[in-house]
Amino acid sequence: MQRVTVTLDEELLADVDELIQERGYQNRSEAIRDLTRSGLQQVREEAAPQAPCMGALVYVYDHAARELSKRLTRHSHAHHDLTLSTLHVHLNEQSCMEVALLKGQSDQLKQFADEVTSSRSVRHGRLVLIPEE
């Protein structure tokens with residue numbers, strides 16, 4: 001490993017220190033390494049939108065919402081080439097969570113995720129992309 005000196009303004013350093021406390025990092029170096037990796041991954045995704053990757057789309061929705069389950073199922077079938085597997089969990093009487101494991105070009109996975117998470121009565125959604133190596 002190499003030692004690097006970085007200058008940060010006080011407000012940014014306070015944000016880094018807050019992150020360290022929230023996530024339990026042992027020191028600033030570990031936090032800065034993780035933030036750097038995350039930032040580099042984001043830059044790579046933006047620079048190569050058609051790069052092959054894997055993804056996990058997690059979303060929570062109201063299962064009683066009119067026709068939503070059917071619309072989500074139709075949407076998944078329409079993009080069957082991206083979906084490897086789906087896990088469906090009943091959280092309570094009103095909510096279901098699904099985790100869709102995806103594989104394809106990053107821009108296609110992002111579009112799929114945006115279409116799902118922007119559907120009416122989908123309450124939460126997040127896509128995690130992992131570049132294929």
Among the residues listed as Gln42, Gln50, Gln108, the single one being farther than 15 Å from Gly125 by Cβ, open to solvent by 50 Å² or more (accessible area, probe 1.4 Å), outside any strand (DSSP E or B) and modelled with pLDDT of 90 or more:
Gln108
Are there any pairs with C-beta distances below 8 angstrom linking a residue in the range 109-126 that is under 17 Å from Thr73 (Cβ atoms) to a residue that is of a type in the set (Lys, Arg) and part of a helix (DSSP H, G or I), with the two at least 6 apart or on different chains, and if so which?
Ser119/Arg71
Please work out which one of (1) in a loop (DSSP other than H, G, I, E, B); (2) exposed (fewer than 14 other Cβ atoms within 10 Å of the Cβ); (3) more than 18 Å from the chain's Cα centre (by Cα) is the condition Tyr25 fails and give its number.
(2)
List pairs: first residue in the range 63-91 and closer than 18 Å to Ser118 by Cβ, second residue loosely packed, with under 11 Cβ neighbours inside 10 Å and among the hydroxyl-bearing types (Ser, Thr, Tyr) anywhere in the structure, Cβ distance under 9 angstrom, at least six positions apart or on different chains.
none
Could you tell me which of the residues Ser95, Ser119 is touching an Asp or Glu at 6+ places or on another chain (Cβ under 9 Å), surrounded by 12 or more Cβ atoms within 10 Å (Cβ to Cβ) and over 30 Å from Met1 (Cα atoms)?
Ser95
Scanning for something of a type outside the set (D, E, K, R), at pLDDT 90 or above, open to solvent by 80 Å² or more (accessible area, probe 1.4 Å) and closer than 22 Å to Gly125 by Cα, does the range 79-86 turn up at least one residue?
yes
Please determine whether any residue of the range 91-100 is assigned to a helix (DSSP H, G or I) and hydroxyl-bearing (Ser, Thr, Tyr).
no
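The values are calculated or read from the model by the stated rules, or taken from the named source; none is laboratory data. Small disclaimer: the values here were computed from a predicted structure and weren't measured. Note: ideal-geometry Cβ built from the backbone for every residue, glycine included; neighbour counts use all protein chains shown. All accessible areas refer to the heavy atoms of the entire protein, side chains included, with ligands and DNA or RNA removed. Shrake-Rupley method; radii C 1.70, N 1.55, O 1.52, S 1.80 Å.
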